[in-house]
Amino acid sequence: MSITTRFAPSPTGYLHVGGARTALFSWLYARKHGGKFILRIEDTDLERSTQESVNAILEGMTWLGLDYDAGPFYQTHHFDRYKEIIQQLLVQGDAYYCYCSKDELEQLRTEQMANKEKPRYNGKCRDSEELKPETEPVIRFKNPVDGVVTITDLVKGDIVVANKELDDLIIARADGTPTYNLTVVVDDMDMKVTHVIRGDDHINNTPRQMNILKALGAEIPKYAHLPMILGADGARLSKRHGAVSVMQFRDDGYLPEALLNYLVRLGWSHGDQEIFTIDEMVEYFELGDVNVSASTFNMEKLLWLNHQYIMNGDPAHVARHLSWHIGQLGIDPADGPELIDVVKAQRERSKTLVEMAAASVYFYKDFDSYDEKAVKKNFTAGSDHVLSRLHDELAAVTDWNGERVHQIIVDLAETLGLNMGKVAQPLRVAICGSAVSPAIDVTLSLLGQEKTLDRIEKAINYIRSLN
């Protein structure tokens, strides 16, 4: 059997963490089994769907690297097909017109609630042949009243639902537009989706959708309902827990592979392994290994994981993502050292690309002020003399490289009878503006001779202006 999965977000907001995990699991399952992964935009909620949200979803999928084999398909382009299926159900006797007003339905709901009954449509119009030309009816699916629906869930095991617990859901609104449960069924049928992988908030929809598929004589896909993601407080993950938009993680300096690695471990495991390459995720992923219980989102764990990817990932790949963050600071990465070299110099101390970019600005752009604490500690009496001697020695270098620069600093410290810190730290503050940077020889090598000498001169003048 050829496997087909789909990710079907509604464009009513950004691509959120829960949706990204669903997309990832669907993508992994298709890739593992040599199948097809489809992207479908479920945009039939015309009031809430926006092009901005569509763009955010597409941007998120691209950034994560979750490539799709077909799509994006838009449900609003398939209205004629939905109408055709609705008409088929009416002709078959598996759907009917319902003329009940909103007031009638609200009164029914109130009475049921008062009697402590489950609110549901009572089937008043189910077998009625009366037509009311003055009223625009909805169309309801005639759900079976006997028997059960058994969901053979690949994550949760068998779930049995009695048909008598399911009311006759609306499949077309009064204005003729199809509803979610109808459009999903038609699309899954037409796209030959074999495995529906989605959040467990859809479990209530699944038996209804299965009954519609049966009425259409369609093959029933296999279902896998993923447990929800919780915040640290045990509540369902939401905006108040922080960054839940996929692109917010990009903005905050996370690598897409780190986020994917974290998401795949939210509810799935392979032994005790924590860090996976994309190829390993594809190789090891099995729906049967997904946990039944909910998972808690832990920002500290994600931050740790991101640091591992920054430290151990391909520097060229990290540099490609760092470039965007450098650009966000109004800096052209071409105006300084190669980003791959900056990554190698900064990755040990940078947990995010935002941190790395902020800590690397001085390589590309002159600064207007020095860190006050660094000045107080390192621009002390006589430090201008040390910097002056360094300037002269460094100006004479014809082959600028880290090894040569390091030796000059060591030799000068020995000549002046000072420890390395008394020479290297004033120099570091002079060229970086603060007392923190990679190794001084690496820093000077990346900065280049011209900028180094200019900044030493500037620091000498600054120190002398203090006296």
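The values are calculated or read from the model by the stated rules, or taken from the named source; none is laboratory data. Bear in mind that the values here come from a model prediction, so they are computed numbers and not experimental data. Counting neighbours? That spans all protein chains shown, and the Cβs are built from the backbone with ideal geometry, glycine included.
Could you please find all residues in region 352-363 being in a loop (DSSP other than H, G, I, E, B) and in contact (Cβ under 8 Å) with a residue 60 or more places away in the chain? Reasoning before the result, please.
Initially, region 352-363 is screened for residues in a loop (DSSP other than H, G, I, E, B), giving 352, 359-360.
Correct list: T352, A359.
Can you find a residue that is under 24 Å from R208 (Cα atoms) and without any contact (Cβ under 8 Å) to a residue 24 or more places away in the chain anywhere in region 96-104? Show your work before the answer.
Going residue by residue through region 96-104, those that are under 24 Å from R208 (Cα atoms) are 96-102, 104.
Still in the list and also without any contact (Cβ under 8 Å) to a residue 24 or more places away in the chain: 102, 104.
So far as region 96-104 goes, yes, one or more of its residues are under 24 Å from R208 (Cα atoms) and without any contact (Cβ under 8 Å) to a residue 24 or more places away in the chain.
Does region 327-351 hold any residues that are surrounded by 18 or more Cβ atoms within 10 Å (Cβ to Cβ), part of a helix (DSSP H, G or I) and polar (S, T, N, Q), and which are they? Scanning region 327-351 gives a single hit, Q346.
Across region 200-223, what is the total count of residues that are more than 28 Å from the chain's Cα centre (by Cα), part of a helix (DSSP H, G or I) and touching a residue at least 40 places away in the same chain (Cβ under 8 Å)? Steps first, please.
Taking region 200-223 first, the residues more than 28 Å from the chain's Cα centre (by Cα) are 207-220.
Okay, now just the ones that are also part of a helix (DSSP H, G or I), so 207-215.
Narrowing further to those that are touching a residue at least 40 places away in the same chain (Cβ under 8 Å): 207-208, 210-212, 215.
Residues flagged as more than 28 Å from the chain's Cα centre (by Cα), part of a helix (DSSP H, G or I) and touching a residue at least 40 places away in the same chain (Cβ under 8 Å) within region 200-223 amount to 6.
Going residue by residue through region 205-225, is there one that turns out to be farther than 28 Å from M61 by Cβ and modelled with pLDDT under 95? Within region 205-225, not a single residue is farther than 28 Å from M61 by Cβ and modelled with pLDDT under 95.
Taking the stated definitions as given, is V292 assigned to a loop (DSSP other than H, G, I, E, B) and in contact (Cβ under 8 Å) with a residue 12 or more places away in the chain? Here the answer is yes, as V292 does meet what is asked.
Hey, can you tell me all the residues within region 366-388 that are closer than 13 Å to A459 by Cβ and outside any loop (DSSP other than H, G, I, E, B)? Residues satisfying the conditions are A374, V375, N378, S383, D384, H385, V386, L387, S388. Filter region 252-268 down to the residues that are free of Cβ contacts under 8 Å to residues at least 60 places away in the same chain and more than 17 Å from D314 (Cβ to Cβ), then identify the one that is surrounded by the most Cβ atoms within 10 Å (Cβ to Cβ). It comes out as Y262. Answer with yes or no whether E280 is without any contact (Cβ under 8 Å) to a residue 24 or more places away in the chain and more than 16 Å from the chain's Cα centre (by Cα). Taking the combined requirement at face value, the residue satisfies it. Within region 163-182, residues that are farther than 16 Å from L46 by Cα sit with their Cβ atoms under 9 Å from residues that are of a type in the set (D, E) and in a loop (DSSP other than H, G, I, E, B), at 6+ positions apart or across chains, in these pairs: N163/D146; K164/D146. Scanning region 352-401 for residues that are crowded, with 16+ Cβ neighbours inside 10 Å, closer than 17 Å to S465 by Cβ and among the aromatic types (F, W, Y) yields Y370, F379.
This table checks each residue for (1) under 26 Å from D341 (Cα atoms); (2) in contact with a Cys (Cβ under 9 Å, 6 or more places away or on another chain); (3) at pLDDT below 95.
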| residue | (1), (2), (3) |
| --- | --- |
| T380 | no, no, yes |
| H385 | no, no, no |
| G402 | yes, no, yes |
| L418 | no, no, yes |
| Q425 | yes, no, no |
| R428 | yes, no, no |
| L447 | yes, yes, no |
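Counting the residues of region 6-50 that are modelled with pLDDT of 95 or more and closer than 21 Å to S269 by Cβ gives 14. Filtering region 61-105 to residues that are aromatic (F, W, Y) and touching a Phe, Trp or Tyr at 6+ places or on another chain (Cβ under 8 Å) leaves only Y68.
When region 286-303 is limited to residues that are more than 28 Å from D252 (Cα to Cα) and not acidic (D, E), the one that is surrounded by the fewest Cβ atoms within 10 Å (Cβ to Cβ) turns out to be G288. For region 20-52, a residue qualifies if it is touching a helix residue (DSSP H, G or I) at 6+ places or on another chain (Cβ under 8 Å) and either of a type in the set (V, I, T) or without any contact (Cβ under 8 Å) to a residue 24 or more places away in the chain (or both), and the qualifying residues are I41, T44.
Taking region 175-195 as the range and being closer than 16 Å to E219 by Cα and not hydroxyl-bearing (S, T, Y) as the test, the residues that pass are L182, V184, V185, V186, D187, D188, M189, D190, M191, K192, V193, H195.
Kindly indicate whether any position in region 410-422 is within 15 Å of R455 (Cβ to Cβ), of a type outside the set (S, T, Y) and assigned to a helix (DSSP H, G or I).
First pass over region 410-422, keeping only residues within 15 Å of R455 (Cβ to Cβ): none.
The answer is no, given that none of the residues of region 410-422 is within 15 Å of R455 (Cβ to Cβ), of a type outside the set (S, T, Y) and assigned to a helix (DSSP H, G or I).
Within region 53-83, the residues that satisfy the criterion of being touching a residue at least 12 places away in the same chain (Cβ under 8 Å), more than 21 Å from L24 (Cα to Cα) and of a type outside the set (F, W, Y) are Q75, T76, H78, R81, K83.
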